[in-house]
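Enquirer: Could you have a look at this structure, given as structure tokens, before my questions?
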Amino acid sequence: MPTAPNDSDLAAILPGTWNVRSTNSPLWLDSEHTSPRFTFTLQRENPLTLREDVSYLTADGAEKHVLGVDKWADDGFVRHGKGLRSLRRGRWSIVGANDDSTVLAIRSHRTLVRHAGLEVLVREGVEIAELRSLVARNTEQFGLSAEDFASLTWLDSITRAGAQHAE
């Protein structure tokens, strides 16, 4: 797969749930937003439009959800919030993936209310041995510079696998 997949590739790749396993986003590194994950549902293929549910656990263990709609524009997505967040917009893109598209790197662009950031996502239910090493050996494939990689914090011990997240 090319480093930056196009929208037709993403219509097949993105639907499903993805756990954030590494990030440099301050939002996911504070104690109020742990175990982040993204769930994408395909709404339309042309133009590619996804329903997005970003969920996380609060410090007291409560699960919170932030809903939005992501629409393909040029080489990335424009995110529109839902409900009270409907006026908030953000831009993000997939900057790389492993060969079987079970690990993705995404870059979020700065907005008035959010810092720019990177996340490394792993498809829920997929175990990747030595994820940090995999990304380190393939930074170009994941669209990361050496500085990007060095800025990441690895959330290996903070995932929602197993009992921590029962639906």
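Enquirer: If Ser108 satisfies all but one of (1) of a type in the set (S, T, N, Q); (2) modelled with pLDDT of 95 or more; (3) under 15 Å from the mean Cα position of the chain (by Cα), what's the number of the condition it fails?
Expert: For Ser108, the exception is condition (2).
Enquirer: When residues of the range 10-29 are filtered for being touching a residue at least 12 places away in the same chain (Cβ under 8 Å) and either in a loop (DSSP other than H, G, I, E, B) or more than 10 Å from the chain's Cα centre (by Cα) (or both), how many remain? Quick ask: steps written out before the conclusion?
Expert: Of the range 10-29, the ones touching a residue at least 12 places away in the same chain (Cβ under 8 Å) are 10-11, 13-29.
Filter again for either in a loop (DSSP other than H, G, I, E, B) or more than 10 Å from the chain's Cα centre (by Cα) (or both), leaving 10-11, 13-16, 24-29.
Count: 12.
Enquirer: Hey, could you check the range 37-60 for residues that are within 24 Å of His115 (Cβ to Cβ) and in contact (Cβ under 8 Å) with a residue 40 or more places away in the chain and say which is surrounded by the most Cβ atoms within 10 Å (Cβ to Cβ)?
Expert: Checked the range 37-60; the qualifying residue surrounded by the most Cβ atoms within 10 Å (Cβ to Cβ) is Phe38.
Enquirer: Additional query: Just checking, which of Val20, Val54 is of a type in the set (Val, Ile, Thr) and closer than 24 Å to Ser145 by Cα? Give the steps one after another, and end with the answer.
Expert: Working: Val54 fails: closer than 24 Å to Ser145 by Cα.
Residue meeting the stated conditions: Val20.
Enquirer: Which of the residues spanning the range 111-121 are out of contact with any Gly (no Cβ under 9 Å at 6 or more places or on another chain) and either over 27 Å from Arg89 (Cβ atoms) or modelled with pLDDT under 95 (or both)?
Expert: Hits for the range 111-121 are Leu112, His115, Ala116, Gly117.
Enquirer: Also, I was wondering about something else. Tell me which residues, restricted to the range 33-63, are in a strand (DSSP E or B), farther than 18 Å from Glu124 by Cα and of a type outside the set (Val, Ile, Thr).
Expert: Of the residues in the range 33-63, the ones in a strand (DSSP E or B) are 34-45, 48-57, 63.
With the extra rule that they be farther than 18 Å from Glu124 by Cα, the set shrinks to 43-45, 48-49.
Of everything in the range 33-63, those that are in a strand (DSSP E or B), farther than 18 Å from Glu124 by Cα and of a type outside the set (Val, Ile, Thr) turn out to be Gln43, Arg44, Glu45, Leu48.
The values are calculated or read from the model by the stated rules, or taken from the named source; none is laboratory data. Just so we're clear, the structure is a prediction, and the values are computed from it rather than from any experiment. For neighbour counting, all protein chains shown are included, and Cβ atoms are generated from backbone atoms with ideal geometry for every residue, glycine included.
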